[in-house]
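Peer 1: Structure in structure tokens, see below.
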Amino acid sequence: MRRVSRTTQPAGAPYEWHDYVASDRARVAENELDACLQNTCVNQADYDLCVEGVDARKRRAAAGRLAPSSEVTPVMSQPVLWEIKWDFSDRQLRLYHAEPQQDPRALLALMYHWKDTSGRTPSEVNTAQNAQMAEAAERYRRSPLHPVDGLDC
């Protein structure tokens, strides 16, 4: 069965983004995005352009207007997750998100990170990315949007 992301389905839109927060109410996903950008942007203008690029794609996702394969793909190793992709020059930003079944309007932003390919073999890149995907799936399991009955697992 082929998985289809809500972010590619305008008929069900509008969707609503929720950022993952820790049990102590810390803004994990929001802070992660800021840290990613702070650590790699060369100046304020670069930071602002990246923020606008992220916000624009998330708005299109909430409208169900992302392009399958090029902008959003299913995460094979974690079937409850989707990956949204941004390319900023030589930097590849990734967002892993969930689409909870019990809330058909929700999109849950779980983890942002830069895909690190510098000096790594493809196998090393995949191993590192799979570890981040596993952490994002664990965040989903800990979130209040995860179903109690485990159907999204």
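Peer 1: Cut-off 10 angstrom, C-alpha nodes, Gaussian network model of the chain. Which of GLY64, GLY53, GLY119 fluctuates the most?
Peer 2: Judging by the Gaussian network model, the answer is GLY119.
Peer 1: Could you give the accessible area per residue of the chain, probe 1.4 Å, as a whole number in Å²?
Peer 2: With all protein chains present, the chain gives 55 Å² per residue.
Peer 1: What list of ³J(HN,Hα) couplings, whole Hz, do you get for region 108-115 from phi and the Karplus terms 6.51, -1.76, 1.60, once you set θ to phi - 60° and write x for glycine and proline?
Peer 2: Each residue of region 108-115 in turn: 10, 6, 9, 7, 10, 6, 8, 6 Hz.
Peer 1: Let's see if you can work this out: charge +1 on each Lys and Arg Cβ, -1 on each Asp and Glu Cβ, no other charges. What is the dipole magnitude of the chain about its Cα centre, in debye to the nearest 20?
Peer 2: Once rounded to the nearest 20, the dipole reads 460 debye.
Peer 1: A further question on this structure: Could you please state how large a percent of the accessible area of the chain is carbon and sulfur, counting protein chains only and using a 1.4 Å probe?
Peer 2: After summing per-atom areas, the C and S share lands at 51 percent.
Peer 1: When a/c is below 1.5 the answer is rounded, else prolate if a/b is larger than b/c, else oblate, so apply that to region 69-153 with a ≥ b ≥ c taken from the square roots of the Cα gyration tensor eigenvalues.
Peer 2: Taking the square roots of the gyration eigenvalues as a ≥ b ≥ c, region 69-153 is prolate.
Peer 1: How about region 1-74: which trypsin sites (Lys or Arg not before Pro) there lie in a loop by DSSP and see at most 13 other Cβ atoms within 10 Å?
Peer 2: Filter output for region 1-74: ARG2, ARG3, ARG25, ARG27.
The values are calculated or read from the model by the stated rules, or taken from the named source; none is laboratory data. Here the structure is a predicted model, which is why all the values come from computation and not from measurement. Because the Cβ atoms are built from the backbone with ideal geometry, glycine has one as well, and the counts that use them run over all protein chains shown. Note: accessible area is taken over every heavy atom of the protein model, side chains too, but ligands, DNA and RNA are not part of it. Shrake-Rupley method; radii C 1.70, N 1.55, O 1.52, S 1.80 Å.
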